[in-house]
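Written below as structure tokens is the structure these notes are about.
Only the coordinates and a few stated rules stand behind these numbers; no lab work does. Bear in mind that the values here come from a model prediction, so they are computed numbers and not experimental data. For neighbour counting, all protein chains shown are included, and Cβ atoms are generated from backbone atoms with ideal geometry for every residue, glycine included.
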Amino acid sequence: MKPEPTKHQNITSIFNPFTLATASILLVGLVLISVVILFFGRSPAPQTGSLPEVTLIPAPTLTPKVVNPTRTPTPTPTSIFFLPEGVVGVGIYVQVTGTGGAGLRIRKEPGLGSEVIFSAMDSEMFLVIDGPVVADGYTWWHVEAPYDRNRNGWSAADFLTPIKEEAD
């Protein structure tokens, strides 16, 4: 049987040269790994500075030229006249009369030789929009139906009677 090792022998067996060399290498390696992680393993701290700002500089423009306004002449008031009651004129509503039921030929142009566009019946109402033109012994007015702007043409004044406006 072997004698029990003494306390001093136990300590020297732990600190033999091979054990010390291995422990030293492990300790140096651990320190190196810690240094590498400490300095190189971290991501760089975010920068707290502001981003650069873009400044737009407008292109040069022409200097506006001041134009003095020219004096505009004061318009002279036009004389407003009213047609006597019972007279045909531009802006007056008229009614077809005196055709004996035959109707009034509405023509493309003033004059008896002009093309007939349509026939207007007795009592049909029109607005006078142009005229008068004298041709072939008649006074001609350009009339238009208030309900259909396409229904317009020239009519002899002898068959048109102004419509009286009713008093309010």
query: Looking at the range 86-162, which chymotrypsin sites (Phe, Trp or Tyr not before Pro) are DSSP coil and have at most 14 other C-beta atoms within 10 Å of their C-beta?
result: Tyr147
- prompt: Hey, fewest Cβ within 10 Å first, where do Ile117, Ile106, Ile163, Ile25 land in order?
  reply: Ile25, Ile163, Ile117, Ile106
field: Kirkwood hydrodynamic radius (C-alpha pairs) into Stokes-Einstein, the range 87-153, 37 °C and 0.692 mPa s, D in µm²/s
entry: 272 µm²/s
- prompt: Per-residue HN-Hα couplings for the range 16-28, Karplus 6.51 cos²θ - 1.76 cosθ + 1.60 at θ = phi - 60°, whole Hz, x for Gly and Pro?
  reply: 6, x, 5, 5, 5, 5, 5, 5, 5, 5, 5, 5, 5
- request: For each of Ser24, Ser114, Ser155, Ser119, count neighbouring Cβ atoms within 10 Å of the residue's Cβ, then give the residues from fewest to most.
  value: Ser24, Ser119, Ser114, Ser155
query: With each pseudo-label sitting 7 Å past Cα toward Cβ, what's the Asn68-Leu26 distance in nm, one decimal?
result: 10.4 nm
